[in-house]
Each structure stands twice: as structure tokens, then as C-alpha cells.
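The values are calculated or read from the model by the stated rules, or taken from the named source; none is laboratory data. Predicted, not measured: the structure shown is a model, and the values here were computed from it. Here the Cβ is made from the backbone with ideal geometry for all residues, glycine too, and neighbour counts use every protein chain on show.
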Amino acid sequence: MTTPDIRAAHAQAQSARTEAAKGRPALVDGWIIAAAIAVIAAYVRAIWFTPAEATQGLAQKIYYLHLPAALNAYLAFGVVFVTSIVYLWLRDERADRVAESSAEVGLLFTTVVLTTGPIWGKPIWGTWWTWDARLTLTLFLWFIYAGYVVLRGAIPEPAQRARYSAVLGILGALLIPFIHMSVYLFRTLHPMPIVLKPDRPSLPPEMLHTLLFSFLAFVLVYFALVRARYRLSIERARAAELEAALEGGR
Amino acid sequence: MAQTAGYFHAAYIVAGVLYVLYTASLVVRRRRVLERLDELQRGAER
């Protein structure tokens with residue numbers, strides 16, 4: 001091949017790649033970047049613009065990370081619950097994809113809850129872990145949705161996978177009210193709710209505003225990650241369809 | 001006030017690492033699927 005031929009082949013390949021890239025969203029999109037900026041802003045606000053609690057010191061600020069992660073895990077599994085019911089009712093693949101995406105992101109938030117909680121517990125309670133009702137039930141929630149993700153990977157047939165995982169997704173989400181009420185129902189070390197309770201939140205306004213800001217930043221994280229995961233799910237389905245069509249054509 | 005700054009920083013670092021790792025896993029999985037799609041499309045065109 002002569003030098004002009006090589007150049008022409010490179011140009012052709014480059015043009016094909018550009019054409020392909022035009023029709024496809026970037027690997028990291030604007031939503032993920034916006035979510036990352038919002039989280040960094042929430043960290044900065046929590047660290048430098050919010051007073052430290054008098055007895056716990058800086059460890060109390062773990063709360064601005066731990067509670068939004070817990071609330072977003074509730075949100076994520078709540079979405080799994082609703083979309084799984086919708087799937088079983090209408091057999092709409094989009095509902096199954098949202099459930100799949102939300103469950104995976106909810107598992108991430110639960111992992112954050114289960115790691116930041118003990119890091120707060122060590123200096124405040126004197127122990128990393130205790131088999132307290134809320135902690136134990138949250139760990140069970142993690143196991144259920146880890147099982148959900150494994151189950152989805154283990155069933156190759158899409159309709160059967162969607163049906164089985166919808167049932168597990170619904171049953172797993174039923175644990176959430178028990179987790180939230182566990183501090184009232186059982187003798188527990190975990191602090192009582194100071195925001196999500198029947199009367200007014202018992203936090204000073206500057207702490208409450210930081211908490212709200214952080215919660216909204218993590219809602220944005222939830223939305224951006226579910227959106228990216230949903231897109232991955234669509235592309236996987238497209239690849240599977242194409243693969244099946246090629247197999248059929250042989 | 002208790003000296004708990006180390007725990008505070010550790011919690012934020014651990015959470016940050018978890019979020020970044022998950023985002024990276026999404027990017028890697030998506031790149032693999034897109035490569036597979038390209039491969040299949042080339043196969044279909046042949």
C-alpha cells in the first residue's frame with residue numbers, strides 16, 4: 001500500500017468513526033457532570049459553610065452524606081417497586097429497564113449508607129457495627145437487591161428475567177417501611193428521625209438547609225446514573241437483537 | 001467538642017470512591033457494548 005492509499009484509508013476510518021459518534025451520546029454526559037458539580041458544591045457547603053455540632057464535632061457532618069444516600073436508596077427502591085408493578089401489569093419493557101437501572105443505583109446508595117454509617121458509629125457509639133434493628137434490616141435490604149442484580153445476570157431469557165426480577169423487586173421494597181419505622185418498633189441505638197417525622201424537623205436552619213441542598217444534589221446523582229444505566233440497557237438489548245438476527249440469518 | 005475530623009474525611013473519601021467507581025463501571029460497560037454493536041453492524045453489512 002502506498003502512502004496516499006494509507007492516508008485515504010485512515011481518512012475513511014476517521015470519517016466512519018465521526019459519523020458513528022454523531023449518532024450516539026457521549027460516554028459521560030452533561031447530567032453526570034452537573035450531578036458531580038452539585039455534589040462537590042454540597043460537600044463545600046457542608047465542610048466550610050455549616051457549623052459543626054457541639055458534642056460530635058466534624059463526625060456529625062457525615063450526616064449530610066449518610067442521610068441523603070439513605071433517602072435516595074428509598075427513592076430508588078420505591079421506583080423499583082412501582083415500575084415492577086407496571087411491568088407485571090402492562091409487560092412494558094421500558095418499565096423493566098427503569099426498574100433494573102434504579103435497583104442498581106439504589107444498591108450503590110445502600111452501599112454508601114452501610115459504609116458511612118459505621119464510620120460515624122465508631123467515634124460516636126464506640127463500635128463500627130452493632131446488630132441493631134435498623135442496621136440489620138438495611139443490610140438485609142442490600143442483600144435482597146444484590147440478589148436482584150445477580151438474578152438478572154443469571155437469566156438469559158428477557159421476559160422471564162423481567163418477570164422474576166419484578167417479583168423480587170416488589171418484595172424487597174416492602175422492607176423499606178420496616179427500616180424507617182424500626183427506630184420506633186424496636187429498642188435501637190440508631191438516632192431517631194430528626195427530619196422525616198410527624199412534627200417539625202429538629203435541626204437548626206443552617207444545618208437543615210445544607211441537608212436539603214445535599215439531598216437535592218444526590219437526587220440529581222440518582223437521576224443522572226439511572227439515565228446512564230437505562231441507556232446502557234437499551235444498547236445491550238439492541239446488541240442482543242442484532243446478534244439474534246445475525247444468528248438467524250446464518 | 002470531640003476530635004473526629006479523621007472519620008469525617010474518611011467517610012467523604014469512601015463515598016466519593018464508591019460513586020466514582022460505579023460511574024467508571026457504567027462507562028466501561030457501555031464502551032464494551034458499543035464496541036460489540038459496531039462489530040455486529042460491520043458483520044451485518046458484510
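The sole residue among A:A59, A:A69 that is at pLDDT below 95 and closer than 30 Å to A:F143 by Cβ is A:A59.
Please verify whether A:L107 is out of contact with any helix residue (DSSP H, G or I) (no Cβ under 6 Å at 6 or more places or on another chain), closer than 29 Å to B:G6 by Cβ and in a helix (DSSP H, G or I), treating the condition exactly as stated. No, not satisfied.
Taken together, the criteria place A:A59 among residues that are within 14 Å of another protein chain (Cβ to nearest Cβ), crowded, with 21+ Cβ neighbours inside 10 Å and in a helix (DSSP H, G or I). Residues that are more than 17 Å from the chain's Cα centre (by Cα), at pLDDT 95 or above, surrounded by 15 or more Cβ atoms within 10 Å (Cβ to Cβ) and under 30 Å from A:S165 (Cβ atoms) do occur in the stretch A:77-86, at least one of them.
Scanning the stretch B:13-46 for residues that are more than 17 Å from the chain's Cα centre (by Cα) and buried (at least 17 other Cβ atoms within 10 Å of the Cβ) gives B:R36, B:L37, B:L40. Selection over the stretch A:10-34 of residues that are part of a helix (DSSP H, G or I), modelled with pLDDT of 75 or more and facing another protein chain (nearest Cβ under 9 Å) gives a count of 1. What tally of residues in the stretch A:151-192 results from selecting those that are farther than 18 Å from A:F81 by Cα and free of Cβ contacts under 8 Å to residues at least 60 places away in the same chain? Count: 16. On the basis of being modelled with pLDDT under 95, among the aliphatic types (A, V, I, L, M), closer than 22 Å to A:Y63 by Cβ and not in a helix (DSSP H, G or I), does A:V183 make the cut? Against the criterion (modelled with pLDDT under 95, among the aliphatic types (A, V, I, L, M), closer than 22 Å to A:Y63 by Cβ and not in a helix (DSSP H, G or I)), A:V183 does not qualify.
Going by the structure shown, is A:P177 more than 30 Å from A:E241 (Cα to Cα) and either within 14 Å of chain B (Cβ to nearest Cβ) or not in a helix (DSSP H, G or I) (or both)? Break it down stepwise before answering.
Working: more than 30 Å from A:E241 (Cα to Cα): yes; either within 14 Å of chain B (Cβ to nearest Cβ) or not in a helix (DSSP H, G or I) (or both): no.
So A:P177 does not fit the description; no.
On the basis of being free of Cβ contacts under 8 Å to residues at least 40 places away in the same chain and within 14 Å of another protein chain (Cβ to nearest Cβ), does A:T116 make the cut? No, not satisfied. Candidates in the stretch A:216-230 are the residues that are crowded, with 22+ Cβ neighbours inside 10 Å and more than 10 Å from chain B (Cβ to nearest Cβ); of these, the one that is farthest from A:A76 (Cα to Cα) is A:A217.
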